[in-house]
Amino acid sequence: MEIITTTKQMHDWSRSQVAAGKTVGLVPTMGYFHAGHLSLMRMAGELSDRVVVSLFVNPIQFGPGEDLACYPRNLERDQEMAERSGVAVLFVPSTPVMYPEPPETRITVARLGAGLCGGSRPGHFDGVCTVVGKLFNIVSPDLAVFGRKDFQQLAVIRKMTADLNWGVEIVAHPIIRESDGLAMSSRNSYLSGPERSSATCLYRAIVKARELAAAGEGEVARLLAEVEKIITVHDNVRIEYAEIVEATSLEPQLRVGPDSLLALAVRVGVTRLIDNALLLES
Ligand code: PAF
């Protein structure tokens, strides 16, 4: 596996792959790999000839007071894990490489990026779209793989890619969960023992909402009341949002339909966790 740290080297490597007739799959990450990341890398490997994993903790997608400074990092371990997953290139640019000057340009996906996490983290998706756009330009991938845990991120990136004719296929990977249902996330490493136990409330709330919807409960307000009951029982958990939206438009719904998605963002202690699921998915 090659480690590349400059945009020029990365660009030249990608051009050499195109010249050799190889397809390139990109997995954009912020590092601190877990089984979910490895699964994205494997999927990229199944769908393309060469896999590039980018590892960059992107400062412009963090708001003031968020966890940029303490975001978990372990490059040596990440390197070994990526290598074992058959990755061809680990692209690890520094902040001055990605942003040699303070960037004045942002990509905004206006409507899809406005609600849910966009509401509680103003400017977050502008930062995500801008860095993903830069990575698309630097790596020129044929496809890019993103996890469904960040459902809104996936929707926003799909829209950006279509609106700007990027010609990159956006591939969605299912959520990878721990055995007790907690969605895997690098931020789970922040949780204390008691917080880790409480954190299963997101998945328990999802399971309950899906059971009720499958049994015919169609009132969104009643489903959300059940979800809130399960989550707020824990003293160390606070709901940032719990919404049922239409999965494509992300518009809030009053009644459950075939594409209803339950989207959750909660604070467990100070750690912000998100999760989501289609309510009527078989
Ligand atoms: O999902 C993430 O890890 C980040 O938002 C991404 C897509 C790598 C952009 O920094």
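None of the figures in this text is laboratory data; all of them are computed from the coordinates on show. Predicted, not measured: the structure shown is a model, and the values here were computed from it. Note: ideal-geometry Cβ built from the backbone for every residue, glycine included; neighbour counts use all protein chains shown.
PRO96 meets all of the listed conditions (1) touching a strand residue (DSSP E or B) at 6+ places or on another chain (Cβ under 9 Å); (2) away from the ligand (no atom under 16 Å from the Cβ) but one, namely (1). Residues in segment 182-195 that are surrounded by fewer than 14 Cβ atoms within 10 Å (Cβ to Cβ) and in a loop (DSSP other than H, G, I, E, B): SER192 alone.
Taken over segment 57-89, the criterion of being touching a Leu at 6+ places or on another chain (Cβ under 6 Å), hydrophobic (A, V, I, L, M, F, W, C) and buried (at least 19 other Cβ atoms within 10 Å of the Cβ) is satisfied by ALA82 alone. Scanning segment 216-223 turns up one or more residues that are without any contact (Cβ under 8 Å) to a residue 12 or more places away in the chain, basic (Lys, Arg) and over 17 Å from ASP275 (Cα atoms).
Could you say whether any residue in segment 103-121 is among the acidic types (Asp, Glu), away from the ligand (no atom under 14 Å from the Cβ) and more than 12 Å from the chain's Cα centre (by Cα)? Looking through segment 103-121, at least one residue is among the acidic types (Asp, Glu), away from the ligand (no atom under 14 Å from the Cβ) and more than 12 Å from the chain's Cα centre (by Cα).
Residues that are aromatic (Phe, Trp, Tyr) and touching a Leu at 6+ places or on another chain (Cβ under 7 Å) do occur in segment 142-150, at least one of them.
Looking at the structure I just gave you, is GLU217 out of contact with any helix residue (DSSP H, G or I) (no Cβ under 9 Å at 6 or more places or on another chain) and of a type in the set (Asp, Glu)? Spell out the reasoning first.
On the way: out of contact with any helix residue (DSSP H, G or I) (no Cβ under 9 Å at 6 or more places or on another chain): no; of a type in the set (Asp, Glu): yes.
Spelling it out, it is not the case that GLU217 is out of contact with any helix residue (DSSP H, G or I) (no Cβ under 9 Å at 6 or more places or on another chain) and of a type in the set (Asp, Glu).
Of everything in segment 42-56 that is of a type outside the set (Gly, Ala, Ser), free of Cβ contacts under 8 Å to residues at least 60 places away in the same chain and surrounded by fewer than 23 Cβ atoms within 10 Å (Cβ to Cβ), the residue that is farthest from the ligand (Cβ to nearest atom) is ASP49.
Residue under question is GLY147, and the condition is that it be in contact with a His (Cβ under 9 Å, 6 or more places away or on another chain), crowded, with 20+ Cβ neighbours inside 10 Å and more than 19 Å from GLY25 (Cα to Cα); does it hold?
no
Of the residues ARG111, ARG121, which single one is out of contact with any Gly (no Cβ under 6 Å at 6 or more places or on another chain), farther than 27 Å from ILE3 by Cα and of a type outside the set (S, T, N, Q)?
Testing whether each residue is out of contact with any Gly (no Cβ under 6 Å at 6 or more places or on another chain), farther than 27 Å from ILE3 by Cα and of a type outside the set (S, T, N, Q) leaves just ARG111.
Here SER179 fits the description: assigned to a loop (DSSP other than H, G, I, E, B), polar (S, T, N, Q) and either closer than 23 Å to TYR32 by Cβ or out of contact with any Asp or Glu (no Cβ under 8 Å at 6 or more places or on another chain) (or both).
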